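Undergrad: Following this message is one structure expressed as structure tokens.
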Amino acid sequence: MPVRAFLEPFSGKTPATPPVWFMRQAGRYLDEYRALRKTAPNFLNFCYTPDLTVEATLQPIRRYGFDAAILFSDILVIPDALGQNVRFEEGVGPLLDPVTDRAGIDTLTPDGVLDHLAPVFETLTRLRRELPDETALIGFAGSPWTLAFYMVEGRGGVDGGKLKRMAYGAPDDFRALMTKLEDSLVAYLCRQVEAGAEVLQLFDSWSGIADETLFERWIVEPTARIVARIKDVHPDVPIIGFPRGAGVMVADYAMRTGINGMSVDSQVPLSWARKAIGPEVVLQGNLDNQLLVTGGDEMDAAVRRIKRTMTGRPFIFNLGHGILPMTPPENVARVLDVLRGPDGGED
Ligand code: CP3
């Protein structure tokens, strides 16, 4: 297998220019994505059509030459595959028929998950054939906690009260839900590796609502089990975790889950993360996605600052969260120029 620059930090290397990719590097900020998206009746249908997902994954690679491509899909294909009703409403986001009780949890069926997600595996296999040799391929899934958030709440943009009340007040039911998710995710992610994914990322977008106890029990422990179970089958695949919004608890997450990399949001200072977390965990992040909207000197300076802060430490350049739809595509190109260009300059 050719050496891909993206993988180097996972063997302790610290190249002068860190490898780079962006969360949501495919999507609505690109004209060519919006045109492609129009050809599918709805977003889930798009996600299950390999001709479209392969093309959407490749679009930002052609434009910018990122060091890694991320599978085009969504974290909510797992609740969909478990039999929950999931839909995406224009301008609203995802809506699910919420799971509220044990009866709802019992109707979720893990048996058919891998068959339902066959188009995802086909996408990965085709991508590995079509991507340039130097581009790594990232597979992903949502964490059990973040998937449970959408499954119990039925939507994003809420405070997670229903989810927490189930976790605290009906712990046996909650465990049944989390176990189904954990088992499905292990099978799903292992199959992604077998289909061509070389790195995996676990998105924990809602970890920021958990207190210390919930964080330990329902984020750190399940993540540690998922990582260990994947490594039993695929010991060499690097796994990146993204406990978004978790503040100082990210140090615990990095050290106790067995992950190989951790994505850091924009609110966690990289200078702190560098001291708090040993170099055996690759750090990834954390440019503010709003800077990518406004661009200019402020953005250039932030890129140089991040690069300088992380010099000599295994690191992958990324954003603190996904690219926003209003982002001017030329600002993405500019970040890569600044990052890959000669060092120095004013900030
Ligand atoms: O380029 C990539 O990063 C790969 C594709 C990708 C998507 N979603 C495509 C998408 C990835 C990795 C995701 C992950 C995802 N999905 C997360 C975790 C990361 C995060 O943002 O915290 C979450 C929470 C979801 C759930 C989800 N999907 C939401 C909340 C939304 C609506 C918000 C929005 O931007 O509309 C989606 C829809 C979605 N997923 C879109 C895309 C490109 C937009 C839908 C469209 O194009 O019509």
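Undergrad: Read phi for every residue in the range 220-231 and hand back ³J(HN,Hα) as whole Hz from Karplus 6.51 cos²θ - 1.76 cosθ + 1.60, θ = phi - 60°, with x for Gly and Pro.
TA: Each residue's phi maps through the Karplus curve to give 5, 5, x, 5, 4, 5, 4, 4, 4, 5, 5, 5 Hz.
Undergrad: With the radius of gyration and the Kirkwood radius both derived from the Cα set of the chain, what is their ratio Rg to Rh?
TA: Expressed as Rg/Rh, it is 0.94.
Undergrad: Among LEU319, VAL113, TYR29, whose Cα projects farthest towards the positive end of the dipole of the range 5-340, with charges put on the beta-carbon of Lys, Arg (+1) and Asp, Glu (-1)?
TA: Projecting each Cα onto the dipole axis, the largest value belongs to LEU319.
Undergrad: Which number do you get for Rg(Cα) / (2.2 N^0.38 Å) in the range 166-247?
TA: 1.15
Undergrad: A further question on this structure: Determine the shape class of the range 1-124: with a ≥ b ≥ c the square roots of the Cα gyration tensor eigenvalues, call it rounded for a/c under 1.5, and otherwise prolate if a/b is greater than b/c, oblate otherwise.
TA: Values: a/c = 2.27, a/b = 1.58, b/c = 1.44.
Cα axes put the range 1-124 in the prolate bin.
Undergrad: Moving on. Collect residues whose amide H, placed 1.01 Å from N in the peptide plane, falls under 5 Å from the amide H of ILE316; neighbours closer than 5 in sequence don't count.
TA: Counting only residues 5 or more places away or on other chains, the set is LEU283, GLN284, GLY285.
Undergrad: Once amide H atoms are placed 1.01 Å from N in the peptide plane, what residues at a sequence separation of 5 or more from ILE70, or on another chain, have their amide H within under 5 Å of its amide H?
TA: For ILE70, whose amide H was placed from the backbone, the distant partners under 5 Å are ILE138.
Undergrad: Could you run the Karplus curve 6.51 cos²θ - 1.76 cosθ + 1.60 with θ = phi - 60° over the range 138-150 and give me ³J(HN,Hα) per residue in whole Hz, x for Gly and Pro?
TA: Calculated HN-Hα couplings, in order: 9, x, 7, 7, x, 6, x, 4, 6, 5, 4, 3, 5 Hz.
Undergrad: Here is a further query. Hey, can you grab everything whose amide H is under 5 Å from the amide H of PHE242? Only 5+ residues off in sequence or another chain; H modelled, so Pro and N-termini drop out.
TA: For PHE242, whose amide H was placed from the backbone, the distant partners under 5 Å are LEU202, ASP204, SER263.
Undergrad: Starting from the Cα of LYS307, draw a straight line to each of the lysines and keep only those under 17 Å, dropping any in the same chain fewer than 8 residues away.
TA: Candidates past the 8-residue exclusion: LYS13, LYS275.
Undergrad: Just the C-alpha atoms of the range 80-137: what Rg/Rh do they give, with Rh taken as the Kirkwood radius?
TA: 1.15
Undergrad: Compare the Cα positions of ILE306, VAL92, ILE209 along the charge dipole of the chain (+1 at Cβ of Lys, Arg; -1 at Cβ of Asp, Glu; about the Cα centre) and return the one farthest towards the positive end.
TA: So the residue furthest toward the plus end is ILE306.
Undergrad: While we're looking at this one, here's another question. Quick check for me: using +1 on Lys/Arg Cβ and -1 on Asp/Glu Cβ, what's the dipole size of the chain about its Cα centre, in debye to the nearest 20?
TA: 380
Undergrad: Oh, and also: Rounded to the nearest percent, how much of the accessible area of the chain (1.4 Å probe, protein heavy atoms only) is carbon and sulfur?
TA: That share works out to 50 percent.
Undergrad: From the phi of every residue in the range 196-201, what ³J(HN,Hα) in whole Hz does the Karplus formula 6.51 cos²θ - 1.76 cosθ + 1.60 yield, where θ is phi - 60° and glycine or proline is x?
TA: Taking θ as phi minus 60°, the curve returns x, 5, 9, 9, 10, 10 Hz for the range 196-201.
Undergrad: Counting only DSSP beta bridges with both residues in the range 5-340, tell me the antiparallel percent, nearest 5.
TA: Details: 5 of 30 bridges.
Roughly 15 percent of the beta bridges in the range 5-340 run antiparallel, per DSSP.
Undergrad: Specify the inter-centroid distance of the range 307-344 and the range 164-224, based on alpha-carbon positions, in whole Å.
TA: Taking the Cα centre of each part, the range 307-344 and the range 164-224 sit 29 Å apart.
Undergrad: Testing the spin-label approximation: label points 7 Å from Cα along Cα→Cβ at ASP115 and ASP31. State their distance in nm.
TA: Going from the ASP115 label point to the ASP31 one covers 4.4 nm.
Undergrad: Right, another one. When the chain is treated as a GNM, springs tying every alpha-carbon pair under 10 Å, which of TRP21, TRP272, TRP206 comes out with the largest mean-square fluctuation?
TA: Most flexible of the set in this elastic network: TRP272.
The values are calculated or read from the model by the stated rules, or taken from the named source; none is laboratory data. It should be emphasised that the depicted structure is a prediction, and the values quoted were computed from it without experimental measurement. When we count neighbours, we look across all protein chains shown, and the Cβ atoms used for this are built from the backbone with ideal geometry, even at glycine. Quick note on the areas: whole protein, heavy atoms, side chains included, nothing else; ligands and nucleic acids left out. Shrake-Rupley method; radii C 1.70, N 1.55, O 1.52, S 1.80 Å.
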